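Asks: Here's a structure for you.
The values are calculated or read from the model by the stated rules, or taken from the named source; none is laboratory data. Quick caveat, the model's predicted, so the values are computed rather than measured. Virtual Cβ from ideal backbone geometry, glycine too; neighbours counted across all protein chains shown.
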Amino acid sequence: MTTNNKTYFSKDTEDAIIQYVLETDQDLRNQIYKSRIDRAFNKLVENLIHKYKFYNYEVSYEDSKHEVISFLIEKLNKYKAEKGKAYSYFTVIGRNYLIAKNKSHYNNTKTKEELNVIDDTRDLLNEISNSEKQSELKDFVDLYVVYCDDNLSVMFNKLRDIQIANAVLELFRRRENIEEFNKKALYIMIREMTDSNTHDITKVVNILRKKYQELYLKYQKDFEFLETPC
């Protein structure tokens with residue numbers, strides 16, 4: 001969504017959601033929701049449905065929208081401010097819910113790749129670069145890079161491996177500016193950045209790929225990988 005579209009989900013909305021979670025009186029919760037959250041949830045779901053073409057032709061648009069809003073309301077209690085902005089959190093779980101409900105309308109290979117955990121036979125570098133072309137995975141890739149940055153010393157024991165992993169993550173950060181994402185070209189770039197051989201690079205990439213698969217599965221379940229230690 002564009003920055004302009006985010007204005008409906010303001011700081012007051014973020015604060016209201018935190019207040020809602022902390023409030024124990026249900027009547028006060030209802031007041032908070034109706035006056036400060038309801039409009040934002042309505043607009044968020046409308047934008048998700050229209051942007052990603054989540055049209056369920058078996059039910060009306062309004063019924064579909066209210067179903068997703070009800071799901072978000074059910075998840076309000078699970079939101080924790082330390083997980084990140086409420087806007088990002090509810091966008092993710094709302095989008096994932098719509099994907100699950102509309103998967104029968106997504107039969108082409110590209111969409112199936114969005115829904116399934118990445119196969120071990122694929123190349124991580126190419127997989128992520130191709131997935132980046134799909135806006136719905138952009139948030140995950142960004143979070144994955146931050147997560148790995150924070151946990152490199154846990155994931156790798158050797159300085160050389162950490163340097164290689166840093167190079168791989170740097171390419172992910174610069175992915176929008178790299179024109180060609182084929183395996184050979186990326187391996188050459190990493191080798192030039194780290195002066196490492198292909199065997200060492202492959203070993204590090206395999207570890208990053210395994211973590212990517214693990215975190216992506218958890219990411220599809222409410223953003224929870226942010227709290228999971230390596």
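Asks: Could you tell me how many of the residues in the range 18-56 are under 12 Å from Ile73 (Cβ atoms) and polar (S, T, N, Q)?
Replies: Within the range 18-56, residues that are under 12 Å from Ile73 (Cβ atoms) and polar (S, T, N, Q) number 2.
Asks: State which residue is surrounded by the fewest Cβ atoms within 10 Å (Cβ to Cβ) when the search covers only the range 66-92 and only residues that are in contact with a Lys or Arg (Cβ under 8 Å, 6 or more places away or on another chain) and at pLDDT 90 or above.
Replies: Checking each candidate, the answer is Tyr87.
Asks: Could you check the range 125-230 for helices (runs of 4 or more DSSP H) lying wholly inside it with 1 or more residues that are in contact with a helix residue (DSSP H, G or I) (Cβ under 8 Å, 6 or more places away or on another chain), under 30 Å from Tyr79 (Cα atoms) and at pLDDT below 85?
Replies: Answer list for the range 125-230: 138-155, 159-173, 198-219.
Asks: Please verify whether Phe9 is of a type in the set (A, V, I, L, M, F, W, C), modelled with pLDDT under 90 and surrounded by 15 or more Cβ atoms within 10 Å (Cβ to Cβ), treating the condition exactly as stated.
Replies: no
Asks: Continuing with the same structure: Within the range 9-37, work out how many residues are closer than 13 Å to Tyr87 by Cα and either assigned to a helix (DSSP H, G or I) or polar (S, T, N, Q) (or both).
Replies: Let us first name the residues in the range 9-37 that are closer than 13 Å to Tyr87 by Cα, namely 9-18, 37.
If we keep only those that are either assigned to a helix (DSSP H, G or I) or polar (S, T, N, Q) (or both) too, we end up with 10-18, 37.
Residues in the range 9-37 being closer than 13 Å to Tyr87 by Cα and either assigned to a helix (DSSP H, G or I) or polar (S, T, N, Q) (or both): 10 in total.
Asks: Sticking with this structure for a sec: Name the single residue, out of those in the range 50-91 being β-branched (Val, Ile, Thr) and over 17 Å from the mean Cα position of the chain (by Cα), that is nearest to Arg29 (Cα to Cα).
Replies: Within the range 50-91, the match that is nearest to Arg29 (Cα to Cα) is Ile73.
Asks: Could you tell me which residue of the range 44-55 is farthest from Ala81 (Cα to Cα), considering only residues that are surrounded by fewer than 17 Cβ atoms within 10 Å (Cβ to Cβ) and not hydroxyl-bearing (Ser, Thr, Tyr)?
Replies: Lys53
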